[in-house]
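Inspection log for the structure reproduced underneath, given as C-alpha cells.
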Amino acid sequence: MAFTLPPLPYPSDALEKAIDKLTMEIHHGKHHKAYVDNLNAALQGQDALLNTPVDQLMREINKVPEAARQKVINNGGGHANHTMFWEIMGPKGGGEPSGPLAEAIKSTFTDFANFKAKIKEAGLGRFGSGWAWLVASGGKLSITNTANQDSPLMHGQTPLLGVDVWEHAYYLRYQNRRGDYLDAWWNVVNWDAVAKRFASVK
Ligand code: MN3
C-alpha cells in the first residue's frame, strides 16, 4: 500500500470566506499531491514504512533510514500537515471553540483574542515557509511554529490546529499580506474538528 491523496472534505470553493477556489485547487491537487508522490518515491520498496500511518511515521522519524529521512521529513511532513489542515477547516467554520477545548485555551492563553494574537505572531514570525501551530504535549497546550514541512509530531507534540504560511497557501488573493490571510483564516476554522483532536489526546 502506498500513501494516497485524501480527497478534500468539501468543494474547492467552500472556503471562499478566507481562501479562494484556485488556491485550494492548486494547493490540494498539485502541492499536497506532490508530497504524497514524493513520499512514496522516497520509501519505494520499504513496505513496512509504506504501510505505517503517516502520523506514526513522523512520530517515529528516527526509524526511517538516514538516506531517506530528510525526504520523509519534507514529504511525509507535507502529507501529514496538509491532511490535518483540510480537516480542521470547513465551510461552516469560524466563531469560537466551546467546551473543554475553550476552557483549556482560556486557562493557557488568558482569552480567545490573546490566543488568536499569539497564533498570528507565530505565523508572521516564521521567516520564509512553514506553519504556525497549537499543539498539545504532556497535557499542556502551547503555540509554536515550524520551518518548511517539519511536523510537531517529530518533537513529541500533537498538532491540534495548524495554519500553513507558505506563500502557496495565500499568495493569489493576499500577495505579500500574510497577516491579512491569518486574520481571515479564523473564518474557516472548524472548531468541532479541532475539539475532536483535543479530546483524542486527553
Ligand atoms: Mn501548503
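The values are calculated or read from the model by the stated rules, or taken from the named source; none is laboratory data. From a predicted model like this one, the values you see are computed outputs, not experimental measurements. No Cβ is skipped: glycine too gets one built from the backbone with ideal geometry, and neighbour counts run over all protein chains shown.
With the requirement that a residue be within 14 Å of the ligand (Cβ to nearest atom) and either of a type in the set (S, T, N, Q) or not in a helix (DSSP H, G or I) (or both), what does the range 168-182 give you? Passing the criteria: only Y170.
Please count how many residues of the range 30-67 are away from the ligand (no atom under 16 Å from the Cβ), farther than 17 Å from M1 by Cβ and free of Cβ contacts under 8 Å to residues at least 12 places away in the same chain. Of the residues in the range 30-67, 4 are away from the ligand (no atom under 16 Å from the Cβ), farther than 17 Å from M1 by Cβ and free of Cβ contacts under 8 Å to residues at least 12 places away in the same chain.
Residue-wise test of (1) closer than 20 Å to T158 by Cα; (2) of a type in the set (A, V, I, L, M, F, W, C).
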| residue | (1), (2) |
| --- | --- |
| L5 | no, yes |
| H31 | no, no |
| L39 | no, yes |
| L43 | no, yes |
| L50 | no, yes |
| I61 | yes, yes |
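When the range 93-147 is filtered for residues that are buried (at least 17 other Cβ atoms within 10 Å of the Cβ) and assigned to a loop (DSSP other than H, G, I, E, B), the ones remaining, listed by number, are G93, P97, R126. The residues of the range 148-167 that are in a helix (DSSP H, G or I), more than 10 Å from the chain's Cα centre (by Cα) and either away from the ligand (no atom under 14 Å from the Cβ) or not assigned by TED's automatic domain parsing to the domain that holds F127 (or both), listed by number, are L153, M154, H155.
You will find that of G162, G156, the residue that is crowded, with 22+ Cβ neighbours inside 10 Å, in contact (Cβ under 8 Å) with a residue 24 or more places away in the chain and over 21 Å from T110 (Cβ atoms) is G162 and no other. Here the range 62-91 is the region considered, the condition is being of a type in the set (A, V, I, L, M, F, W, C) and outside any helix (DSSP H, G or I), and the residue that is farthest from A48 (Cα to Cα) is M89. Set side by side, the residues A42, A68 differ, and just one is in contact with a Lys or Arg (Cβ under 7 Å, 6 or more places away or on another chain), surrounded by 14 or more Cβ atoms within 10 Å (Cβ to Cβ) and not assigned by TED's automatic domain parsing to the domain that holds N148, which is A42.
Checked against (1) among the aliphatic types (A, V, I, L, M); (2) closer than 19 Å to Y170 by Cβ; (3) crowded, with 20+ Cβ neighbours inside 10 Å; (4) touching a Phe, Trp or Tyr at 6+ places or on another chain (Cβ under 7 Å), V54 passes all but a single condition, namely (2). Considering only residues of the range 76-134 that are in contact (Cβ under 8 Å) with a residue 40 or more places away in the chain, away from the ligand (no atom under 16 Å from the Cβ) and among the small types (G, A, S), which is nearest to H32 (Cα to Cα)? Looking at the filtered set, the residue picked out is G90.
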